[in-house]
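Laboratory data are not the source of any read-out in this text; all were calculated from the coordinates shown. This structure is a prediction, so every number in the text was calculated from the model and none was measured. Every residue, glycine as well, gets a Cβ built from its backbone with ideal geometry; the counts of neighbours run over all protein chains shown.
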Amino acid sequence: MSSVRAHSCVDCRHFNGRPLDVEQALPGLSSLSSAYAAVRSGDGICAVHDRYVAASSVCAGYTNLP
Amino acid sequence: MAEIAEHAHARLSIRPSAWRELIRKEDWWAIWIGLRLVAVAIALFANGGSIKWIAVAPQKWSHLANAAAQLQTHGAQYAALCVLWAASLGIGAAALGIKLSRFLPAFLALYVVAGAIYFLGLWDQAAHYNLEPPLVALGLGLLISNTVGAPRWLEPGLRVEFYIKTGIVLLGAGLPLTLIAWAGPVAIVQAAIVSLVTFGVIYFSAVRLGLDRRLAATLGTGGAVCGVSGAIAIGGAVGAKKEQVSVAISLVVVWAIVMIFVLPLVARSLHLSTGVAGAWIGTSEFADAAGLAAAQTYGGYAGNVPGIAGNADAAVSAFTLMKVIGRDVWIGVWAFVLSLIATTRWERTGVQNKPEAGEIWRRFPKFVLGFLVASAVITIVSKGYDYAAYKRVVLPGLVAPLQALRTWAFTFAFLSIGLTTKFREFASVGARPFYAFTIGVVVNVLLGFVLSTQVFSEFWNRLGQ
């Protein structure tokens, strides 16, 4: 878990990895799986790219949390 | 969703930590809850007692008066069991971030309805009218959620995966480790053949139809490895668009629900044995919860439907070996490999992932460890008993009560599947993703059928005996 780098998505203000928000954003996810599942790891949704990305990802649009 | 991320200034994610995972992931909570129940059961058994008083389950009944009498006689036990489940699952839900004050009323309602369905399934005419508990729970839930809609206050209690994983850990207590060691390699070989072929068919069909490779991979693992869990794991690993993940989820859920009804029906018409049918369902269903609903339904036919050989538990056992041991445990490997390919071979998206072998462990479905530990512990406890003594002492005093708790957990899950599946909220999938996925479904079902009923049939039949 220590592989998450500085300035990666998990620390970006555009990234949302909160389980309930992820389930709300992906209808059907909680029917046969879960955002609390280990397989999801720390993935979340990037509001800038509108992509579902790994927490350890990086991009040029990184913005620090306020 | 963009609004969700943008409007808030609070932190919307938590930095991953190996220790935090132990209390923030439901896989681990399924282990803590399941193994605690197993440990208490063993401790009581070792001291001449049993958890069977609290692990109460309905018995066969023929008239409503019989069922009412059962309820009256065992009312205190059902109330105690409700408290046990509410406390165990409630602590886990609270640790995951679900408010206890919202979870408990929802769970109480779920428990009452699940109990009614469990009772209905024990009616001596239930099989005649196809009133198998998994199908009734699923059908009732689907009917409510897609007509009047499940009330909002019920939503915090509808945690399909939390219940199904807890049930799978308890299922380990009924499967000797020796059986897993004997059947596991065959399950892995059969599952590997089907997974690779199905993934290849969906992926290349999708690419041929002009779909994006990230969508193709997300669809492929959704169909070939572990359903919705596979789709979200790979969607995240390759950085798929949000709508692509939604499309994959919609297709997996719809086909998985269709298969819950179709696979047992076809297997029943062909009089497949419970072991063979369980293996086929394990090869060709897409999600654990959906597959267990189908397998438990089929197990219920044993002894009730003429011409179906094998014992009732064989369907669930064969399914679990095939799906959990054969397919689920490899999701981390799929994620790592596809992440590597996406990063090095596919077009750039603006978001860069860094594939690492650690991904294999991070995405590993940890509840499988609980399943294996439960199996190992019960195998050790049973070691000193011969078969007759096992049937006379260990089964009723230790294993059967844990199996009853497992059935409760599964019933919570089956009811939750229906109540959380709202077809009108699903993403519009489009024709090309539908065709690509459906081609894969057809190949998956046919190949799974041939492998289960022809190539490895003798093996799966023996499991049922």
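Please report how far the C-alpha centroid of region B:75-113 lies from that of region B:27-58, rounded to the nearest whole angstrom.
Cα centroid to Cα centroid, the span is 17 Å.
Rg to Rh for the protein assembly as shown: what is it, with Cα atoms only and Rh by Kirkwood? Can you show the working numbers first?
Values: Rg = 22.3 Å, Rh = 23.2 Å.
Rg/Rh: 0.96.
Would you mind calculating the gained length between B:Ser62 and B:Phe434 on full extension (0.36 nm times residue separation, minus the Cα-Cα distance), in nm to one decimal?
On the way: separation 372, 0.36 × 372 = 133.92 nm, distance 4.53 nm.
Extra length available between B:Ser62 and B:Phe434 comes to 129.4 nm.
I need the phi-derived Karplus couplings for region B:133-148: 6.51 cos²θ - 1.76 cosθ + 1.60, θ = phi - 60°, integer Hz, Gly and Pro marked x.
x, x, 6, 5, 4, 5, x, 5, x, 4, 4, 5, 5, 9, 10, 7
When N is the residue count of region B:294-380, what does its C-alpha Rg come to as a fraction of 2.2 N^0.38 Å?
Numbers: Rg = 19.4 Å, N = 87, 2.2 N^0.38 = 12.0 Å.
Cα Rg divided by the expected 2.2 N^0.38 Å: 1.62.
If each residue's Cβ is checked for other Cβ atoms within 10 Å, how do B:Arg345, B:Arg20 rank with the fewest at the top?
On the way: B:Arg345 8, B:Arg20 13.
Ranked by crowding around the Cβ, least crowded first: B:Arg345, B:Arg20.
What nm value, rounded to one decimal, do you get for the distance between B:Ile341 and B:Val40 when each label is placed 7 Å out toward the C-beta?
4.6 nm
B:Ala357 to B:Thr73: FRET efficiency via 1/(1 + (r/R0)^6), r the Cβ-Cβ distance, R0 45 Å, to the nearest 0.05? Let's see the in-between values first.
Working: r = 57 Å, r/R0 = 1.26.
Calculated value: 0.20.
Starting with the fewest neighbours, write out B:Cys82, A:Cys46 ranked by other beta-carbon atoms found within 10 Å of each beta-carbon.
Details: B:Cys82 16, A:Cys46 26.
Going from sparsest to densest Cβ surroundings: B:Cys82, A:Cys46.
Quick one: what do you get for region B:324-465 if you divide its Cα Rg by 2.2 N^0.38 Å?
Working: Rg = 21.7 Å, N = 142, 2.2 N^0.38 = 14.5 Å.
Compactness ratio reported: 1.50.
Give a residue-ordered list of calculated ³J(HN,Hα) values for region B:36-53 (Karplus: 6.51 cos²θ - 1.76 cosθ + 1.60, θ = phi - 60°; whole Hz; x for Gly, Pro).
Each residue's phi maps through the Karplus curve to give 5, 4, 5, 5, 5, 4, 5, 4, 5, 4, 5, 9, x, x, 6, 8, 5, 4 Hz.
Only four residue types carry charge here, +1 at the Cβ of Lys and Arg and -1 at the Cβ of Asp and Glu. Report the dipole size of region B:28-174 about the Cα centre in Debye, rounded to the nearest 20. Mind dumping the intermediate values first?
Working: 8 positive and 4 negative charges, 69 e Å.
Dipole of region B:28-174, to the nearest 20 debye: 340 debye.
How high is the relative contact order of chain B? Use alpha-carbon pairs under 8 Å, at least six apart in sequence, and give a whole percent.
Numbers: 719 pairs, mean separation 123.2, N = 465.
Computed value for chain B: 26 percent relative contact order.
Just tell me which lysines come within less than 21 Å, Cα to Cα, of B:Lys242; anything on the same chain fewer than 8 places away is out.
In chain and number order, the partners are B:Lys354, B:Lys422.
Restricting to Cα pairs below 8 Å that are 6+ residues apart, what does the relative contact order work out to for chain A? Please round to a whole percent.
Values: 87 pairs, mean separation 30.9, N = 66.
Relative contact order of chain A: 47 percent.
Residues with beta-carbon under 13 Å from that of B:Gly34, excluding B:Gly34: net charge, scoring Lys, Arg +1 and Asp, Glu -1?
+2
Once each part is reduced to its C-alpha centroid, what is the distance from region B:118-180 to region B:193-223 in angstrom?
So the two Cα centres are separated by 30 Å.
Treat the count of other C-beta atoms within 10 Å as a stand-in for reagent exposure and order B:Glu347, B:Glu285, B:Glu356 from fewest to most.
Numbers: B:Glu347 8, B:Glu285 28, B:Glu356 15.
By the 10 Å Cβ count, ascending: B:Glu347, B:Glu356, B:Glu285.
Please work out the FRET efficiency for the pair B:Ala127 and B:Asn47, using the Cβ-Cβ distance as r and a Förster radius of 41 Å; give the result to the nearest 0.05. It would help to have the intermediate numbers written out before the result.
On the way: r = 39 Å, r/R0 = 0.94.
Approximately 0.60, to the nearest 0.05.
Between B:Ala109 and B:Ser17, what FRET efficiency comes out of the Förster formula 1/(1 + (r/R0)^6) with R0 = 35 Å and r the beta carbon distance, rounded to 0.05? Mind dumping the intermediate values first?
On the way: r = 35 Å, r/R0 = 1.00.
With a Förster radius of 35 Å, E is 0.50.
With no solvent and one equal point scatterer placed on each C-alpha of region B:375-436, evaluate the Debye formula and give log10 I(q)/I(0) for q = 0.12, 0.13 Å⁻¹, two decimals.
So the normalised log intensities are -0.57, -0.60.
Modelled label-to-label distance, B:Tyr390 and B:Ala376, 7 Å Cα→beta-carbon offset: nm?
Spacing of the two 7 Å Cα→Cβ label points: 1.9 nm.
Modelling each spin label as a point 7 Å along the Cα-to-Cβ direction, I'd like the B:Arg102/B:Val333 distance in nm, to one decimal.
3.9 nm
Please report Rg over Rh for chain B, where both radii come from the alpha carbon positions and Rh follows the Kirkwood definition.
Numbers: Rg = 21.8 Å, Rh = 22.7 Å.
Reported Rg/Rh, Kirkwood definition of Rh: 0.96.
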